[in-house]
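**Q** Attaching a single structure in structure tokens format; questions to follow.
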Amino acid sequence: MKKNQKYVDKIYKLTRDAAPLSFMLPTRHTRRYPLLWFDEETGNQRALRYARNQKSIFEDEQDGNAIVEPIIFEDGFLRVPKTNQVLQKFLALHPQNGHRFVEVNLEKDAAQELDNMNVEIDALIEAKNLNIEQLEHIVRAVFGQDPDTLTTKEMKRDVLVFARRNPDQFLKLLNDPMLKLQSKVEMFISKGLIKWRNNKKEVWFNLPKNKTKILTVPFGEDPTFITASYFQSDDGIESLKLLEKLLDD
């Protein structure tokens, strides 16, 4: 036994959210379920087999009296006591480890959950402290709504809910310089300065003396984002200044 080696009970869980009541894991190498482990020292593929009366998990090291038994996850979980080191080693090298199932790491899971909670808290604090102009930007750019149709409390509620459900995305949005520009695009649309045509595949000026086409939206792209990107370009900057001036008048 290695010095300071500590044997512990382990728990494994299926990776799917909707785990079946009972799931049987392949326990021996077959054509249908290949269970092979590549030995870096010899350069050979070695067949795995779990047999409760054998000391090795490798078929080439087992005798002819191997008793193969099923490995069954109940309600999505499998508990393996520290006294069954053969099964723990077998699961560690199993090809489906990390795909079909994973070892439960309570400390790691707790750390990840704590990180997620901290991000959510940060997002909610940022959302709570937004001023009315920032709220309107997000409502236009994210929800595609006209802020004039909502009360301030409705906007705050919707943005807080969005921040709670999508904290990472929300925090990225706050640092995205395109957010304000996309909001302006939605404002230009709501004020009738520009308009969508052909099912939002085209963007046109809608001014008294200018009804020309601005751009065609590439297939599969978001029209608001594409229009904002155009106004940010050298070709579109003058059009942006004109629309901003008309918006302020």
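The values are calculated or read from the model by the stated rules, or taken from the named source; none is laboratory data. This is a predicted model, so every value here is computed, not measured. Because the Cβ atoms are built from the backbone with ideal geometry, glycine has one as well, and the counts that use them run over all protein chains shown.
**Q** Just checking, how many residues over the range 227-239 are under 14 Å from Lys213 (Cα atoms), part of a helix (DSSP H, G or I) and not aromatic (Phe, Trp, Tyr)?
**A** Looking only at that region, the number is 2.
**Q** Now for a different question. Please enumerate the residues belonging to the range 31-54 that are without any contact (Cβ under 8 Å) to a residue 12 or more places away in the chain and over 35 Å from the mean Cα position of the chain (by Cα).
**A** Glu41, Thr42, Gly43, Asn44
**Q** Let me ask something else. Counting only residues that are at pLDDT 85 or above and surrounded by 15 or more Cβ atoms within 10 Å (Cβ to Cβ), which one in the range 123-135 is nearest to Ser183 (Cα to Cα)?
**A** Leu135
**Q** List the pairs whose first member sits in the range 55-68 and is more than 16 Å from Leu93 (Cβ to Cβ) and in the same structural domain as Thr27 (by TED's automatic domain parsing), whose second member is among the aromatic types (Phe, Trp, Tyr) and part of a loop (DSSP other than H, G, I, E, B), and whose Cβ atoms are under 8 Å apart, counting only residues at least 6 apart or on separate chains?
**A** Listed pairs, sorted by first residue: Val68/Tyr50.
**Q** Sort out which residues of the range 181-195 are surrounded by fewer than 16 Cβ atoms within 10 Å (Cβ to Cβ) and either free of Cβ contacts under 8 Å to residues at least 12 places away in the same chain or within 25 Å of the chain's Cα centre (by Cα) (or both), and write them in order of number.
**A** Matches in the range 181-195: Lys195 only.
**Q** Look at Arg28 and say whether it is buried (at least 17 other Cβ atoms within 10 Å of the Cβ), more than 17 Å from Val104 (Cα to Cα), modelled with pLDDT of 90 or more and of a type in the set (Lys, Arg). Let's see the steps before the verdict.
**A** Values: buried (at least 17 other Cβ atoms within 10 Å of the Cβ): no; more than 17 Å from Val104 (Cα to Cα): yes; modelled with pLDDT of 90 or more: yes; of a type in the set (Lys, Arg): yes.
So Arg28 does not fit the description; no.
**Q** Testing Val161 on (1) over 30 Å from Arg28 (Cα atoms); (2) assigned to a helix (DSSP H, G or I); (3) touching a residue at least 24 places away in the same chain (Cβ under 8 Å), one condition comes back false. Which one is that?
**A** (3)
**Q** Specify the residue that is surrounded by the fewest Cβ atoms within 10 Å (Cβ to Cβ); the eligible residues are those in the range 104-122 that are without any contact (Cβ under 8 Å) to a residue 24 or more places away in the chain and among the charged types (D, E, K, R).
**A** Here the residue is Glu107.
**Q** Further question on the same structure: Being over 27 Å from Lys82 (Cβ atoms) and either among the charged types (D, E, K, R) or not assigned by TED's automatic domain parsing to the domain that holds Gln85 (or both) narrows it down to one of Arg32, Arg46, Arg52, so name that one. Let's see the steps before the verdict.
**A** On the way: Arg46 fails: over 27 Å from Lys82 (Cβ atoms); Arg52 fails: over 27 Å from Lys82 (Cβ atoms).
It is Arg32.
**Q** Here's another thing I want to ask about it. Does Trp204 satisfy the condition of being over 24 Å from Glu136 (Cβ atoms) and of a type in the set (Phe, Trp, Tyr)?
**A** Working: over 24 Å from Glu136 (Cβ atoms): yes; of a type in the set (Phe, Trp, Tyr): yes.
Yes.
**Q** Output the number of residues of the range 196-235 satisfying the condition of being of a type in the set (Ser, Thr, Tyr), without any contact (Cβ under 8 Å) to a residue 24 or more places away in the chain and in contact with a Lys or Arg (Cβ under 9 Å, 6 or more places away or on another chain).
**A** So the count comes out to 1.
**Q** Filter the range 90-122 for residues that are of a type in the set (Gly, Ala, Ser) and assigned by TED's automatic domain parsing to the domain that holds Glu61; which is nearest to the chain's Cα centre (by Cα)? Before the answer, list the steps.
**A** Here is the first cut: in the range 90-122, the residues of a type in the set (Gly, Ala, Ser) are 92, 98, 110-111.
Now narrow it down to the ones that are assigned by TED's automatic domain parsing to the domain that holds Glu61: 92, 98.
On the way: Ala92: 26, Gly98: 17 Å.
For the range 90-122, the residue satisfying everything is Gly98.
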